[in-house]
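Input: a single structure, listed below in C-alpha cells.
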C-alpha cells in the first residue's frame, strides 16, 4: 500500500470538505481550500503514476448493504490528476468570472455545487464497491445538473438542464442494471478484476450504453451541445474537460476488469470513428461559439475511443505492440483534450464576459482589445487542431502509430486500421478548418457589433487560469517522453499482460527533438516580427476591399458563409434549415440568407419518437376513467382473448 499517496488523498478529501463547508459563507476561504484540495489530489495521483504502486482501503463496517471500499491504481490516478488540475484552474477562474458582485444569488450556490461535483467525481474514481460507485455517480450527475442551470432565468438554460438530467438518469439505469447483475452473480458489490469469468462478458453492453451516454459519444450525445453551450463557461470547461471523461474512465476500467463480449472492440472502434468525423462536421455548422466547442468534445471523445477500440482488438488478438500504442494515445488524449478544451471554454467565457454574446457573427476584431484572450485561445485552437509542436499532435501521433502498426498485422484489424487512419486524418483537417473559421470570425477582421467594439480584456485571475492550462499544453507537446512513463504505467494497469515499463518508442523521442526545434524556430521568428512591428518597419493599411470605396464590417465573411462549402458536403446528415429572401431588383430594399443546423439526432429522431410515445400513453390513459362497467368489459375482453389463444394453441 502506498502510504504517501493515501495520506495525500486524505488531506485532499479534508480540504475538499472544508471548501464544501465554507462555500456559501466565504469565497476567499473556499478558493484557498479548493486549491489546497487540488494540490494534494494532484500530488497523490503523481505519486501513484511515478511509482506504479497503488493502494486499497476497506472499512470494517457497512452502511446497510454497502461497504466502503476505496482503491487507487494508475488508471484512476490518471483521471484524478486531470480532475485536480482542471478543478483548481476552474475554481481560480470562477472567482472572477462568476463573482458575487455580478451574481449575488447564484455565486455562493455555484461554489457549493462546484465543490460537490469535484468531490463526487473523485469518489467515483476511487470507488471499488458497486453501490458506493452508483451513489457517487448519482451525486456527480445531480451536482452537474445544478451547475448547468445555475443561471436558470433563461428558458434555454432550464431546457438544457432537464435534457441533461433525463439523459444522465437513463445512463444511470443502465449502470444500475450492470452493477446489480455483477453483484447478483458474484454475491458481493465489491469490484475488481474478473477476467476469467467469461459468462460476465455480455454485461459490458450495458456498461457501454451507460458510460457512453455520459461520455457523449455519437449518437448518445444529444444532451451535450445544449448543456455545454448554456452552462456558465467554467462549468462548461469542467464538464467537457473532466465530467464526460468519467464515461471514458468507466469504459477503460471495466474493459480491463471483465472479459470482452464478441464484437465489442469493433463496436467501440466504429463508434469512435463515427463520433470523431460527425462531431467535427456538426461543429463546422455552428454559429454559437460554445456550441461549436461542445461538438468538438464529441469529436475528441471519438479519437479517444478509436485508441481504446483498437487496443481492445489488440487484446483480443494478442497483438501487444500496436495495442499499447493505440491505448497510450487514447489515454494521453484524455489529458490533452481536457487541457485544451478547458482552455478554449475559458477563452470563450472571457469573450462572453466582455461582449455578452456567443454568436460568432456578432463578434470580430477582438484581438485589438483582448490580446491575452486571443493568444491563449489561439494556442488552444492550434492544440485541438492537432498542430505541432503542441500536445494534441502528440496523442494523435501515438494513435496513428498504433493504427500504422496494426496495418502490418494479419487479419481483419489490418484492413480496419487503414480507413480508421484515413478518417482520423480527415477529422484533423476539418478541425483545422473549423478553428481557422473561429479565430478568423471571432478575433480577426473588424468588429461586427457595438458589443464587440467595446470589448475589454479579462482580469488577472481569469488570465492566470488560462495561462496554467496553456503552459500544460506546451509542456506535454515539447516533452512527451517525460510523460510517457506515467502513461505506460496506466497501460500496464489496464492490461497486466502488457509489460509497458519500457523506454519511450523511438518515434516519440524523435518527435520530442523535432518539437523543441520547431518551438525555438517559432520563438525566433515571432521575436523578429515583434521587433519589426515595434520599430515601425511594418505599415498598416485597410484590408483589400474588392474595389469598395467604403468597406464595412458587414462585408466580412460570417461564420456560416466561411464553412458553407464544407458543410454542403455533409448536408445529408446536417440537414440544414435555410431562410432566404433573394435579391429581386437592381437596388434591393431587402436581401437576406441565413442557415441553421439543427440537432439532427435530437430533433429528427428522439423528439418525434418521444411525441409518438406520449400520444400512445395519452390514449391509454383515457382507458382509466373510473367507470366500473368499462373495467369489467376490459376484463371480459382479456379473458376471451386468452381463451382464444389457448384454443388456437391446442388446435395447432
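The values are calculated or read from the model by the stated rules, or taken from the named source; none is laboratory data. Please read these numbers as outputs of a predicted model, since none were measured by experiment. Backbone-built Cβ (ideal geometry, glycine too); neighbour counts: all protein chains shown.
Structural remarks
- Subset of the stretch 189-202 [out of contact with any strand residue (DSSP E or B) (no Cβ under 6 Å at 6 or more places or on another chain) and either closer than 30 Å to residue 295 by Cβ or crowded, with 21+ Cβ neighbours inside 10 Å (or both)]: 191
- In the stretch 143-196, the residues that are part of a helix (DSSP H, G or I), under 16 Å from residue 227 (Cβ atoms) and over 23 Å from the mean Cα position of the chain (by Cα): 155
- Within the stretch 597-629, tally of residues that are at positive phi and modelled with pLDDT of 75 or more: 0
- Between 11, 42, the distinction of being surrounded by fewer than 18 Cβ atoms within 10 Å (Cβ to Cβ) and either closer than 24 Å to residue 495 by Cα or touching a residue at least 24 places away in the same chain (Cβ under 8 Å) (or both) belongs to 11 only.
- Flag if residue 260 is modelled with pLDDT of 90 or more and not in a helix (DSSP H, G or I): no
- Residues in the stretch 409-423 that are surrounded by fewer than 22 Cβ atoms within 10 Å (Cβ to Cβ) and within 22 Å of residue 394 (Cβ to Cβ): 421, 422, 423.
- Condition met for residue 500 (under 30 Å from residue 258 (Cα atoms) and at pLDDT 85 or above): no
- Being out of contact with any strand residue (DSSP E or B) (no Cβ under 6 Å at 6 or more places or on another chain), within 19 Å of residue 297 (Cβ to Cβ), touching a residue at least 24 places away in the same chain (Cβ under 8 Å) and surrounded by fewer than 23 Cβ atoms within 10 Å (Cβ to Cβ) holds for only one residue in 167, 215, 183, 144, and it is 167.
- Single residue of 362, 368 found to be farther than 27 Å from residue 595 by Cβ, out of contact with any strand residue (DSSP E or B) (no Cβ under 6 Å at 6 or more places or on another chain), surrounded by fewer than 23 Cβ atoms within 10 Å (Cβ to Cβ) and modelled with pLDDT under 90: 368
- Enumeration of residues in the stretch 341-359 that are farther than 15 Å from residue 462 by Cα and either surrounded by fewer than 24 Cβ atoms within 10 Å (Cβ to Cβ) or under 21 Å from the mean Cα position of the chain (by Cα) (or both): 341, 356, 357, 358, 359
- Taking every residue in the stretch 22-35 that is buried (at least 20 other Cβ atoms within 10 Å of the Cβ) and pairing it with any residue that is in a loop (DSSP other than H, G, I, E, B), at least 6 positions away or on another chain, the pairs with Cβ-Cβ distances below 6 Å are 30/23.
- For the stretch 449-463, the criterion of a residue being assigned to a helix (DSSP H, G or I) and over 30 Å from residue 233 (Cβ atoms) is satisfied by no position.
Yes or no, residue by residue, for (1) over 24 Å from the mean Cα position of the chain (by Cα); (2) surrounded by 17 or more Cβ atoms within 10 Å (Cβ to Cβ); (3) more than 26 Å from residue 376 (Cβ to Cβ):
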| site | (1), (2), (3) |
| --- | --- |
| 429 | no, no, no |
| 435 | no, yes, no |
| 472 | no, yes, no |
| 492 | yes, yes, yes |
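- Residues being crowded, with 24+ Cβ neighbours inside 10 Å and more than 24 Å from the chain's Cα centre (by Cα) - total across the stretch 84-129: 1
- Of the residues contained in the stretch 384-403, none is found to be in a helix (DSSP H, G or I), surrounded by fewer than 16 Cβ atoms within 10 Å (Cβ to Cβ) and at pLDDT below 90.
- Test result for residue 601, in contact (Cβ under 8 Å) with a residue 12 or more places away in the chain and either assigned to a helix (DSSP H, G or I) or under 30 Å from residue 580 (Cβ atoms) (or both): yes
- The single residue among 315, 283 that is part of a helix (DSSP H, G or I), in contact (Cβ under 8 Å) with a residue 60 or more places away in the chain and either touching a strand residue (DSSP E or B) at 6+ places or on another chain (Cβ under 8 Å) or under 23 Å from residue 448 (Cβ atoms) (or both) turns out to be 283.
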